[in-house]
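Readers should treat all values here as calculations from the given coordinates under stated rules, not as data from a laboratory. Owing to the predicted nature of the structure, the values given are computational and were not obtained by experimental measurement. Reconstructed Cβ throughout: ideal geometry from the backbone, glycine too, with neighbour counts over all protein chains shown.
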Amino acid sequence: MTDPVIPHQSDRAIRPAIGLGLRGRCPACGKGRIFDHFLKVAPACAHCGQRLDVHQADDFPAYIVILLLGHIMLPLMIEVNAVLAIPLGWQAALWPALAAILAVALIQPVKGGVIAFQWSRRMAGFR
C-alpha cells in the first residue's frame, strides 16, 4: 500500500509571494494588480487570470497594522517627549494624526501581504 501523495508547497515560494503582495502585485505572476480600489481586491489578476477574490483575510490585516503601529508609535512618542518639550495640546493633535496617516499607509500593503501568504500556502480558496 502506498501513501497518498501530499503536494509540497515549495512550488509557491513564500518570500517572493509576500514581497509581491506587499507591493500590491499578483503573487502568481507579479505583473497584475491585487487591488481594484484602495482595499477592494480584484476578482482575478488581469495578466495571468489567478482568482484573487477567494482570499479570507478578514480582520487579520487590521490586527497586524495595529500591532505595527503600537511598535512604531510608542517608542517614537517616548523619544520625542524625552528630547522635546511639546505642549500637551500639540501632542493631542500630533499623535492621533500620525497614527491615522501610518494606518492608512500600512493597511493596503499588509492586506496584500496576507493575501499573498494565503496564496503561497494554498489557504482559503487558493488550493
*Could you state the principal axis extents of the C-alpha atoms in region 20-64, from the largest down, to the nearest angstrom?*
30, 18, 17
*Under 5 Å between amide H atoms, partner at least 5 residues away or on a different chain: which partners does residue 41 have, H built in plane at 1.01 Å?*
36
*Please sort 43-53, 79-89, 21-31 by packing, taking for each peptide the average over its residues of neighbouring beta carbons within 10 angstrom, highest first.*
21-31, 43-53, 79-89
*residue 47's amide H: which non-local residues (gap 5+, or another chain) put their own amide H closer than 5 Å, with H modeled 1.01 Å from N in plane and none for Pro or chain starts?*
32, 33
*To the nearest 0.05, how large is the calculated FRET efficiency for residue 67 and residue 97 if R₀ is 22 Å and r is the Cβ-Cβ distance?*
0.65
*Would you kindly derive the ³J(HN,Hα) couplings of region 22-36 from the backbone phi angles with the Karplus curve 6.51 cos²θ - 1.76 cosθ + 1.60 (θ = phi - 60°), listing them in order in whole Hz, with x for Gly and Pro?*
5, 8, x, 9, 4, x, 7, 10, x, 10, x, 9, 6, 9, 7
*In nm, to one decimal, how far is the residue 83 label point from the residue 121 one, both placed 7 Å along Cα→Cβ?*
3.8 nm
*What FRET efficiency would be calculated for the residue pair residue 51, residue 11, taking the C-beta separation as r and a Förster radius of 22 Å, to the nearest 0.05?*
0.80
_Projected label distance in nm at residue 59 and residue 105, using a 7 Å step from Cα toward the beta-carbon_ = 2.6 nm
*For region 83-90, take each phi angle, set θ = phi - 60°, evaluate the Karplus expression 6.51 cos²θ - 1.76 cosθ + 1.60, and give the result in whole Hz per residue in order, putting x for glycine and proline.*
8, 10, 9, 7, x, 4, x, 5
*asked:* When the expected Rg is taken as 2.2 N^0.38 Å, what fraction or multiple of it is the alpha-carbon Rg of region 1-121?
replied: 1.42
*Evaluate the relative contact order of the chain (contact order divided by residue number), counting alpha-carbon pairs under 8 angstrom at least 6 apart; express in whole percent.*
39 percent
*the chain: calculated mean residue ellipticity at 222 nm from DSSP helix runs of at least 4, using -39500 (n - 2.57)*: -18000 deg cm²/dmol
